[in-house]
Structures are given as C-alpha cells and as structure tokens.
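A.B. asks: First the structure, then my questions, so here it is.
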Amino acid sequence: MTDVAAGSGWPALRVDDWEPTRRSLHMWTQIVGKVRLAHAPMVNHWWQVPLYVSPRGLSTSAIPVGTGSFDVEFDFVDHVLSVRVSDGGADTIDLRDVSVAQLHAALLDSLGALGIDTSISKGPNEVEPAIPFVDDNHAGYEPEAAQLFWRQLIQADRVMGQFRARFVGKVSPVHFFWGSFDMACTRFSGRPAPPHPGGAPNCGDWVMEEGYSHELSSCGFWPGGGAEGAFYSYAYPEPDGFADAAGCPEGAFYDNGFRQYLLPYEVARQAADPDALVLDFLEFSYGAAADLMGWDRRALETDPQRWAHKSRLS
C-alpha cells in the first residue's frame, strides 16, 4: 500500500492489499444504498439509488423523507458514517472496528432515533454468497486504505465528469453503484434495447432489464479489476466488430470474459498524462460503439467549451 499526500494525484492501491477494507465498504455501501432505495422515488435505470463522490468521501446526496430530507455520507477524512437531517438532527457512527452486522444495526437505530423509520432487504445484491447483513460478522477497516480508495474515486469522478460534459443526449450522472461496487457513467442513443438476460447473482433479472432498457455505451471505474482496479467501457447490445475496433490506446485491451474494454488503473496512473490517457480510452471505446450502432453523433455530442468565449467577456 502506498500513501500519498492529499491532492497529490493518482494514488497507488493494490486490490490485494486492501481486501478486508474493500469487502467492508462493499457491504456498508450496500446497506446505505438500500436506505436510499427505501426512501427515494423510482428513476429510470435505478438512477435514484447510487452514491456520489463528495469532498469527504461517498454521499447519498439529499434523500426525501416526509416534507424534509436527509443524507448519509461515508466520511473518509474523519472515518465516520454521518447522518444529517433537514430538521437539524444528526448522528455519526465510527467506522473503525465495526462489523457489517454492527454497522447495519447502528445505522437503522440511528435513523429511527432521528425519526426516519427505515426497512431494507436483508442481504446484499450482485455477490455470492449473499450473507444476510445481521449475520455478517466480517470486520476490517484500515483508514489509510479507505482514503486511498476515495482518492482514486476523486480522480475517476473528475475525468469521467469531463467526458460526460461532451454529450448532450441522455446521459447518466457520474455515480457509484453499490451492487457492483463501481463508478459508472452511461450514454444513450435514445433507442430501446432488447430485454437484458440478467444473470447477476442475488439480483432479479428485472433489475437488469430496467437498467439496460435502452441502447447504451457505458464506462466506469471498478476498484476490483486488475492489480489496482481498472477503467472499463462496454456497449449494450454489443454491436458486431466492437471487440476488434481499431485505435485502442496502448495499454488498454478488450476482455472476452467481461465483454468490455479495460484500461488498468496502474497504466493510467503511471502515464505521463493520466487524464489524457483515460479520456482517450473513453472516447475510443464510446466512438467504436456509437459508430457501429449507427448513433447520430453530430446531434448527441457537443463541445463543453462552447460558451467559454462569452464567459471571458462577461
């Protein structure tokens, strides 16, 4: 594990070096995500359930409750889970030396004490085995590892946000899905897609059918692939020829098992210009999918600097 000073760039974090913390965070984010799912109104593609990178860690953003709102945030600076309510109520749970079962109980108790009655499903999704939260005694949290993970997410969120800004069609926020434990941003052509076959462990096929209801090109960062995680990009439905598209950036490749393009995080981190390499990878993989699927790219894409000359004069 390699430490870095705050703000110094792309940190190194080998997946094998932080597995206990990674497993804790995966289960904890599922618990917090399910709290958001229990209260937020349905949005297409499940966009009401992800978490978001914040200046302190990962946040639900505001969740409606009654005539007010609340949020839940993993604070990887002070290493607490914070609950804040619009009526002024607040609570924190220390993340150190807490098992999955203990955090599950503490969060639901905290919400109840703050007047937010909450019921969530008993176990995690998209993992096997799916141990019920109340029975999961796994404990493992290294503050240093959590901070390095969060700094990885800051970089991914920042660069993927630049990529998102180049699209004026239907596009998701850059958000963190707790089921698959990855950051994602998805562009859509506007056309419906064939029903997704599903198959994710401990996750109803109808969940995937909603998520993939329309033709898409999706990219993201998964802190579990490769030595230090990986950026990824795929298309649904995948067009013929996608795996063999010309122009793949050096260091990236198509993985036949995952059926997506991958750029190992360590390749990006060690590049002379990590931002440029990741953006090249995202543009290449999206462009290959969009061209092969016949998207109207002139109508869907834009220059995020299109008003810069005006703002300089104002």
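The values are calculated or read from the model by the stated rules, or taken from the named source; none is laboratory data. Please read all numbers here as calculations on a predicted model, not as lab measurements. So basically every Cβ, Gly included, is an ideal-geometry build from the backbone, and we count neighbours across all protein chains shown.
A.B. asks: Considering only the range 117-144, state which residues are surrounded by fewer than 20 Cβ atoms within 10 Å (Cβ to Cβ), touching a residue at least 60 places away in the same chain (Cβ under 8 Å), acidic (Asp, Glu) and in a loop (DSSP other than H, G, I, E, B).
C.D. replies: GLU126, GLU128, GLU142 - these are the residues of the range 117-144 that are surrounded by fewer than 20 Cβ atoms within 10 Å (Cβ to Cβ), touching a residue at least 60 places away in the same chain (Cβ under 8 Å), acidic (Asp, Glu) and in a loop (DSSP other than H, G, I, E, B).
A.B. asks: Given the options LEU153, LEU108, name the one that is buried (at least 16 other Cβ atoms within 10 Å of the Cβ) and either in the same structural domain as VAL43 (by TED's automatic domain parsing) or basic (Lys, Arg) (or both).
C.D. replies: Answer to the selection: LEU108.
A.B. asks: Does PRO173 satisfy the criteria of being within 18 Å of the chain's Cα centre (by Cα) and not assigned by TED's automatic domain parsing to the domain that holds ALA230?
C.D. replies: no
A.B. asks: From the residues in the range 174-212 that are in contact with a His (Cβ under 6 Å, 6 or more places away or on another chain) and aliphatic (A, V, I, L, M), which one is surrounded by the fewest Cβ atoms within 10 Å (Cβ to Cβ)?
C.D. replies: ALA193
A.B. asks: Something else now. Quick one: would you say ALA271 is under 16 Å from PHE221 (Cβ atoms), surrounded by 15 or more Cβ atoms within 10 Å (Cβ to Cβ) and either touching a helix residue (DSSP H, G or I) at 6+ places or on another chain (Cβ under 6 Å) or of a type in the set (A, V, I, L, M) (or both)?
C.D. replies: Yes: the conditions hold for ALA271.
A.B. asks: Only residues in the range 145-172 that are without any contact (Cβ under 8 Å) to a residue 60 or more places away in the chain count as the first member; pair them with residues that are among the β-branched types (Val, Ile, Thr), Cβ under 7 angstrom, at least 6 apart or cross-chain, and list the lot.
C.D. replies: Pairs found: GLY161/VAL174; ARG164/VAL171; ARG164/VAL174; VAL171/THR186.
A.B. asks: Shifting gears a bit: Just for the range 184-203: of the residues that are within 14 Å of VAL171 (Cα to Cα) and of a type in the set (A, V, I, L, M, F, W, C), which one is farthest from the chain's Cα centre (by Cα)?
C.D. replies: Per the stated criteria, the residue is PHE188.
A.B. asks: Starting from residues that are within 12 Å of the chain's Cα centre (by Cα) and among the small types (Gly, Ala, Ser), keep the ones in the range 208-223 and report whichever is farthest from GLU266 (Cα to Cα).
C.D. replies: SER218
A.B. asks: Same structure, new question: Do we have ARG259 as more than 22 Å from PRO223 (Cα to Cα) and charged (D, E, K, R) here?
C.D. replies: no
A.B. asks: Return the total of residues in the range 84-107 being over 17 Å from LEU25 (Cα atoms) and of a type in the set (A, V, I, L, M).
C.D. replies: Selection size over the range 84-107: 2.
A.B. asks: Return the residue satisfying two criteria in turn: it lies in the range 70-88 and is surrounded by 16 or more Cβ atoms within 10 Å (Cβ to Cβ) and over 19 Å from PHE149 (Cβ atoms), and of such residues it is nearest to the chain's Cα centre (by Cα).
C.D. replies: Among those that are surrounded by 16 or more Cβ atoms within 10 Å (Cβ to Cβ) and over 19 Å from PHE149 (Cβ atoms), it is ASP71.
A.B. asks: Does the range 140-161 contain at least one residue that is farther than 20 Å from LEU58 by Cα and in contact with a strand residue (DSSP E or B) (Cβ under 9 Å, 6 or more places away or on another chain)?
C.D. replies: No, every residue in the range 140-161 fails to be farther than 20 Å from LEU58 by Cα and in contact with a strand residue (DSSP E or B) (Cβ under 9 Å, 6 or more places away or on another chain).
A.B. asks: How many residues are out of contact with any Asp or Glu (no Cβ under 7 Å at 6 or more places or on another chain) and over 21 Å from GLU283 (Cβ atoms) when one looks only at the range 177-191?
C.D. replies: Of the residues in that region, 3 qualify.
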